[in-house]
Every structure is written in structure tokens, then in C-alpha cells.
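All remarks here apply to the structure that follows.
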Amino acid sequence: MDLALDLCLTYSWLFDCKMTDIFIRRPWEKAPHDWTDILCAMSYIELRDLVKGKVHSEWPVTLQAFSKSLSQTRGCLTKQWDSSITLSPSLQKGMSEKKRHEVRRMASLVGELCKEDGCNLIGDIGAGLGYLGQTLMSTFKLNVLGFELEDGNCQNWRMQRATSNNLQTRCLRVDTSSECTQILRDSFRQHHSSVSATDICADSKVQQGSFSEQAGENFTPSSSSSFRETDECRVCMVGLHCCGDLTPATLHQFHTIEECKTLVCLGCCYHRLSLDAHFGNFPMSSQFKSWYQDSASQHGCSINHLALRLACQEPKSRWLARTDGEMEKHCEHVAFRAVLELYSHRKGFNWHKKHRRLVGLSAFSSFETYIDAVLERVGDVEGLSISMVKTALSDTYTECKEFFSYIRWYDALQVMLQELLEFVILRDRQQYLREKGYLCQLVSLFDDKISPRSIAIIAQKT
Ligand SMILES: C[S@@+](CC[C@H](N)C(=O)[O-])C[C@H]1O[C@@H](n2cnc3c(N)ncnc32)[C@H](O)[C@@H]1O
């Protein structure tokens, strides 16, 4: 694993530059000198081979080694959970296709684990609108207690309807404080003692669940599992896309609260993780902290917010599914935005101050159309005449044109590193829970073409 972390830091020039800053930062200058010509000349077929780890003998040896080492390091990730439950039309109401996919798979896994571990209460962290909780309640007759930061979500009509069905949600900021631990623990105990013993799963519509091995480690839920009858409060803590610091907080509370016996958690928005001089929320495990300290000082760089941002971008599967035409379009859009960034960087002003999104997709038909749309949207360009700005932008475009082809391969190399960075984050979280003494596995739960953050952390207190 130290190899994966070390690889990420060795190729820090691949995450240290946002795509739209490519003409400002010129990351290709940090690439091995014999890579650029061959990468610029690659067809999309060859770029796809590179991303898949299929090397060509005429490529530079260091590029072959990069491609191979990334696929080997990432090779032994997880097992796969490929069963799902059916959702009644009323449960599906309001859910996007993506949410349906997530809820069907995750509910099936949580139901199976609750059966195995004798859990009689679900604690849904970052419950959102309560889609998962409602499904667990209605399908498995499990008691569910949701915790949600946003008052608006707790008040939502869907939640109100759920509440009348016994899904209760508390408005709470889940963090690592002892006050939060106390609130969660008291809520679990109170809720448990206030509801009658549950008759779990008697009429569930679960299709046969199974873990199918992809590679590597074993995760075998007991095949003869049945729901344990117990008066004890046994909580399965779940979190479907606990963004930023919410996943580390959930892992911490799972460890701290004795009643929590099982955890199923998926994170997202890694770029919102707190990082500070004492690591913050990455790395979390002692093992990774020690590797990271050595590696970071050796390479003179760190896993910063740009690395975390890359880690939560689209996965390889989606990138590989793009047609040549879509790749071409994507690179052209990036190039237009990068030219604009270079120009504004030199002039020292920020186009994005007034508008989060400058222009819509339709503006990208040509650079001229794009610039017209941008200038129309921003109105005033710091007192400069529009025709002067247009001419200067056109000159910047001409200056950058010879580097447009760099975007294609930088994008391909970034998508390769994305996978490794996410792998490092997930492995660190797994290691954190293992160091606390729990059985902990990473399970590929969703189809990552539908739901990009698709790997669940499962922990069980034995
Ligand atoms: C990406 S959404 C997922 C919502 C829901 N689990 C789902 O999949 O539909 C993350 C949710 O976590 C909530 N959240 C974020 N930080 C939180 C915190 N510290 N404590 C509790 N909820 C939080 C947000 O308000 C949001 O509803």
C-alpha cells in the first residue's frame, strides 16, 4: 500500500494542476522528457489502451512502467455486491434513476448484514430526504433513525410522510465531538426502548444476495444467517454518500458508540475533507500517517485539495465509455476555458466572481461564439474595451493552439491517477477501522457508470 501512496506522490504533477489551468501551469514540463511526443501522437485507441494498462512496446519504458504499476497497485481492490431489492412504485417516487440504483443495492446489502449481525436499528447518517431509510423500513421492517444536518431536508414532505410511518429524523450535525457521541448514543437507546421488538425481514422482497469475487480478499457473510432475537440495542450505522468530513466522523462515531455493531458507509466529495498540519481527515490510520510522512518528505509534496478533487472526479469506466467525438468535444471545451483562464491570470482578474458557471454548453460551438457568450455574461471587463479584449483573447488562443493536443493525454493520465488516489483514501479508511480491531472490507456496491462513488466500507464488530 505504501507503493500506491508513493506512486501518487511521484506523479504529483498529474494532480497539482486543474485542467483549466493547464496553459498557466504547463504541467507537461514536469513529465519525463520522452513522454510528450509519443503521448501527443497517440490515437484515442492507444490512449484507451494506456488507461486500461495495455502497454505498447514502442512506448518509452518509463511510460509502460507507469501504466503497469498503476493497474497492478489498484488490481486487488474489492469484492462486488451485485444483488438488489425491488422497490414499490410508492418508494420510487421522487428518486432519480441513479438514486434508485443506489437504494436498491445498498438496502439489499444492509438487510443482509443486519440479518447476519443481529442489528435491530438502523442509524442513517446524512439521511437527506430519507430514501434509503424508508426503503429499509418498508422492505425489512427495520427501525430506522435518521440524522441530517439540513433542517429543510428534515422538514421535507417526504420525510414527514416517512415520520408518520415511524422513520424518525433528527436534525443534527454529525461530527467527532463527545457531545455528538452522547446525542447519537442517547437517541439510539431511547428509540430502541420505545419500539417493540421487530419482526425483521419476514415479508421482504429480497432477491438472493451474494458477494461475487472480483479479486483479492474474502468477504463471506454467513450463509446460514438468520435474524437474532435480542433485547440488546444493536445498531447498523449506514451512510449513503456521506460527503467530505461526514465519512470520517461516521467512522469515528461507529468506533466510539458501543451499540453500533455494523457499518455500511460510502463517502463522496473528498475535496471537502479537512486537511491540516496534523493531517486532519486524511490520512486517518496510524499506518498511513507513518507512510505518508516518509513519502511526502521524500517527494517534497503532499496529498492536497487538488489531489482530493481529482480523487472524486469521474471514474475510468465513464471515461472509457466516451466516443472519440465526445472526447474531442470535451478537450475542445477544456481548451477554450483554459485559454480564458490564461488570459485572465495574466490580467489578474477573475471571470468567475459574479457567476459560478460562465456559459452553457451551446456556447462552445467555436472560440468566437464562446468569447461572445462570456463577454455578454460578464458585461464589463475591468474598464477594457470589448474589442481589445476580443483581440487579446484571440492572440492567446493562437499562442496556446500548439498545446491543445496536450489536453487529451493529460486528461487520460489524470483519470488513471484518479483511480489510484481514491483507492488510497479508501484503503486508509479501511486501515483505520482495522487498527481499531474491526473486520473491515471494501465492497464494490454500485455500477460506477451510474454512480461514480461506488465503493462501500463495511465494518463489523465481532
Ligand atoms: C450527498 S447527500 C446524501 C443524502 C442521502 N444519504 C441520499 O443518498 O439520498 C449528503 C447529506 O448529508 C447531509 N450532511 C452533510 N454533512 C452532515 C453532517 N455533518 N451531519 C449530518 N448530516 C450531514 C447533507 O445535508 C446531505 O443531506
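The numbers here are math on the coordinates, done by the rules we state, and not lab data. Computed from a predicted model, the values in this text were never measured in an experiment. When we count neighbours, we look across all protein chains shown, and the Cβ atoms used for this are built from the backbone with ideal geometry, even at glycine.
To make sure I understand the rule: partners must be aspartates and glutamates, Cα under 13 Å from the Cα of Lys99, and not fewer than 8 residues away in the same chain. Which ones qualify?
Asp447, Asp448
Using 7 Å Cα-to-Cβ label points, what is the Asp276/Glu29 separation (nm, one decimal)?
So the label points at Asp276 and Glu29 sit 3.5 nm apart.
May I ask for the angle, rounded to the nearest 10°, between helix 61-74 and the longest principal axis of the chain, with both axes built from Cα atoms and the value confined to 0 to 90°?
The helix 61-74 is inclined about 20 degrees to the chain.
Could you give the dipole magnitude of the chain about its Cα centre, charging the beta-carbon of Lys and Arg +1 and that of Asp and Glu -1, in debye to the nearest 20?
740 debye
At a temperature of 20 °C and a viscosity of 1.002 mPa s, determine how fast the stretch 231-274 diffuses translationally according to Stokes-Einstein, using the Kirkwood radius over alpha-carbon pairs as Rh; express D in µm²/s, rounded to the nearest whole number.
After rounding, the answer is 198 µm²/s.
Arranged by the count of other C-beta atoms within 10 angstrom, fewest first, what order do Ser96, Ser84, Ser444 take?
Going from least to most buried by this count: Ser96, Ser444, Ser84.
Over 24 Å between Cα atoms, which of Lys18/Lys329; Lys98/Lys461; Lys79/Lys141 qualify?
Lys98/Lys461; Lys79/Lys141
Determine the percent antiparallel among the DSSP beta bridges restricted to the chain, to the nearest 5.
So the antiparallel bridges amount to about 40 percent of the total.
Going by C-beta contacts inside 10 Å, put Leu136, Leu87 in order with the fewest on the left.
Listing Leu136, Leu87 from fewest to most nearby Cβ atoms yields Leu87, Leu136.
Per DSSP H run of n ≥ 4, the term is -39500 (n - 2.57); total these for the chain, divide by its residue number, and report the mean residue ellipticity at 222 nm rounded to 500 deg cm²/dmol.
-15500 deg cm²/dmol
With a 10 Å radius around each residue's Cβ, average the other Cβ atoms per peptide and rank 261-267, 383-389, highest first.
Highest mean packing first, the order is 261-267, 383-389.
Tilt of helix 286-299 relative to the longest C-alpha principal axis of the chain, in degrees (0 to 90, nearest 10)?
10 degrees
Between Glu399 and Glu376, with labels modelled 7 Å along Cα→Cβ, what's the label distance in nm to one decimal, could you check?
Placing both labels 7 Å beyond Cα along the Cβ direction yields 2.7 nm.
Contact order normalised by length for the chain, with contacts defined as Cα pairs under 8 Å and 6 or more residues apart; what percent is it?
Rounded, it is 23 percent for the chain.
Spin-label point model (7 Å from Cα, Cβ direction): what's the Glu435 to Thr256 distance in nm?
So the label points at Glu435 and Thr256 sit 1.7 nm apart.
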